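Right, one structure below, let's go through it.
No value in this document is a laboratory result; all are computed from the given coordinates. Values in this document were obtained by computation on a predicted structure and should not be read as measured data. Every residue, glycine among them, receives a Cβ derived from its backbone with ideal geometry; neighbour counts consider all protein chains shown.
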Amino acid sequence: MKITQAIFSGSSQFVNQKPKLKLPEFAFIGRSNVGKSSLINSLCNQKNLALTSSKPGKTQLVNHFLINEGWYLVDLPGYGYAKTSKTQRANLHNIVMDYLNNSDELINLFVLLDSRLDLQKIDLQFLTELGKAGIPFSLVYTKSDKLGKEALGKQVEKNNSELLNYWEELPPVFLTSAVEGIGREDILTYIGTLLTK
Ligand SMILES: Nc1nc2c(ncn2[C@@H]2O[C@H](COP(=O)(O)OP(=O)(O)OP(=O)(O)O)[C@@H](O)[C@H]2O)c(=O)[nH]1
Ligand SMILES: [Mg+2]
């Protein structure tokens, strides 16, 4: 799968405000600052298509990007940023859950995890919610450029085996770096496969 065109198509707070074209959607979620917007830019080979920031809490709405005039990449607000108010966190959670529960076009949700960290309680809570809601998802470890090969392998192995305490098998797992472009081809190939199903 090659991305030849990527166009920002709008921001929405509620599903009834999202673009009216009914096309397959692939969305990205994870804790604030995990690298969702950066990964979307990496997949599209662009720098500032999705807005990124070194400060958590940058993406506040559901952002649709029309790809190759045929499908959407969807950038979602992050969860779990401790420094925002409870009300603001609840507001972002509602935006994300409204999108996830009511988007008939959603084909796959990529759940991003920081490859340097142990699994966080909030990630497990979110993954459990997804399982209950029957939303199809894959796992994406981000920022793999920030760890040496050995440490990276150990951390990913540790997190994967912890997840297997909850699940019989792992969903598809991707290892990425938005900075170095690692994993982008794997994700694009996977999207291509899902689009031809
Ligand atoms: N080294 C490195 N830094 C990354 C990578 N991906 C993202 N970052 C950095 O991490 C920070 C957060 O990236 P974003 O893409 O804005 O994260 P986000 O998940 O969209 O964050 P919110 O919108 O706030 O939820 C930025 O400073 C990025 O430059 C990566 O693969 N490697
Ligand atoms: Mg973002």
task = Quick one: give the max-minus-min coordinate of the C-alpha atoms of the range 81-197 along each principal axis, largest first, in Å.
result = 40, 40, 31
message = Among the listed pairs LYS58/LYS83; LYS47/LYS83; LYS47/LYS86; LYS55/LYS146; LYS47/LYS143, which have their C-alpha atoms separated by more than 23 angstrom in this model?
response = LYS47/LYS83; LYS47/LYS86
task = Given the options SER115, SER161, SER177, state which has the largest fluctuation in a GNM of the chain using a 10 Å cut-off (strictly under) for Cα springs.
result = SER161
query = Taking the chain as a Gaussian network, Cα atoms linked when under 10 Å apart, which of GLY78, GLY134, GLY30 shows the biggest mean-square fluctuation?
reply = GLY134
ask   = By DSSP, what percent of the beta bridges with both residues in the chain are antiparallel, rounded to the nearest 5?
value = 40
key: Cα-based Rg and Dmax for the range 29-142, where Dmax is the largest Cα-Cα distance (Å)   = 13.5, 38
task = Sticking with the crude label model, points 7 Å out along Cα→Cβ, report the distance from LEU117 to GLN88 in nm, one decimal please.
result = 1.7
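In terms of the ratio Rg/(2.2 N^0.38 Å) built on C-alpha atoms, what value belongs to the range 1-90? Present the calculation step by step, with values, prior to reporting the outcome.
Working: Rg = 13.2 Å, N = 90, 2.2 N^0.38 = 12.2 Å.
The reported ratio for this selection is 1.09.
What per residue convex hull volume, in Å³, comes out for the chain when only alpha-carbon positions are used? Kindly include the intermediate steps, with their values, before the conclusion.
Details: hull volume 22.8 nm³, N = 197.
Convex hull volume per residue, Cα atoms: 116 Å³.
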